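Everything below concerns the one structure shown next.
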Amino acid sequence: MPTTDTGAPVHSQTATEVWFTMNSLVRDQAKQSRTRISEVIDIPFSRFRALRRVAVRPMTQRDLAERMGVDASAMSGIVDDLVARGLVTREADADDGRRKRVTITDDGRRVVDEVTENPATAPDMFAALDESQLRQLAGLLDLLREAEES
């Protein structure tokens, strides 16, 4: 059985246990994170959540609503606001004109960059990671995101 540096046995965690740990860490930091982001930019957190998702890749308004767990009318209001602020565009989808594709603008990308490049935005717990560990975690999360999107 593997052990830690102190000789204590290491419990091999299941994917479910790791998921619960990750989910708890994120949820426990959610309020603090929203506050920190609001201090950096002047848009509601719901708008930033949507903006961050379309910064990864353009998506239909319906897909965005599903990923964020909001209904179509709420998403319409969020996207309307982001369009009015010049942070995204909404155009007919090339494959299905009834669907609306949401794409980030250069101004929207600047807003996302402003938040993600600000070291004060991340929860304090990230100070426990050195640069190498942070890169490793980012790589693992990228693998999970790619698996989820495939």
Can you find even one residue in segment 13-30 that is polar (S, T, N, Q), surrounded by fewer than 12 Cβ atoms within 10 Å (Cβ to Cβ), at negative phi and under 16 Å from the mean Cα position of the chain (by Cα)?
yes
So which of ALA50, ALA72 ends up being open to solvent by 70 Å² or more (accessible area, probe 1.4 Å) and aliphatic (A, V, I, L, M)?
ALA72
Of everything in segment 104-127, what is open to solvent by less than 90 Å² (accessible area, probe 1.4 Å) and either closer than 19 Å to ARG57 by Cα or modelled with pLDDT of 95 or more (or both)? Give them in sequence order.
ILE104, THR105, ASP107, GLY108, VAL111, VAL112, ASP113, VAL115, THR116
Qualifying residue in segment 85-103 (condition: assigned to a helix (DSSP H, G or I), open to solvent by 70 Å² or more (accessible area, probe 1.4 Å) and at pLDDT 95 or above):
no
Scan segment 3-41 residue by residue and report those that are over 18 Å from ASN118 (Cβ atoms), modelled with pLDDT of 85 or more and among the hydroxyl-bearing types (Ser, Thr, Tyr).
THR14, THR16, THR21, SER24
Select from segment 104-114 the residues that are of a type in the set (A, V, I, L, M) and part of a helix (DSSP H, G or I) and list them in ascending order.
VAL111, VAL112
Looking at segment 35-52 only, could you name the residues that are of a type in the set (Ser, Thr, Tyr) and in contact (Cβ under 8 Å) with a residue 60 or more places away in the chain?
none
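The values are calculated or read from the model by the stated rules, or taken from the named source; none is laboratory data. Just so we're clear, the structure is a prediction, and the values are computed from it rather than from any experiment. Cβ coordinates were reconstructed from backbone atoms using ideal geometry, including for glycine residues, and neighbour counts include every protein chain displayed. For the accessible areas, the whole protein counts, side chains as well, though only heavy atoms, and no ligand, DNA or RNA atoms are used. Shrake-Rupley method; radii C 1.70, N 1.55, O 1.52, S 1.80 Å.
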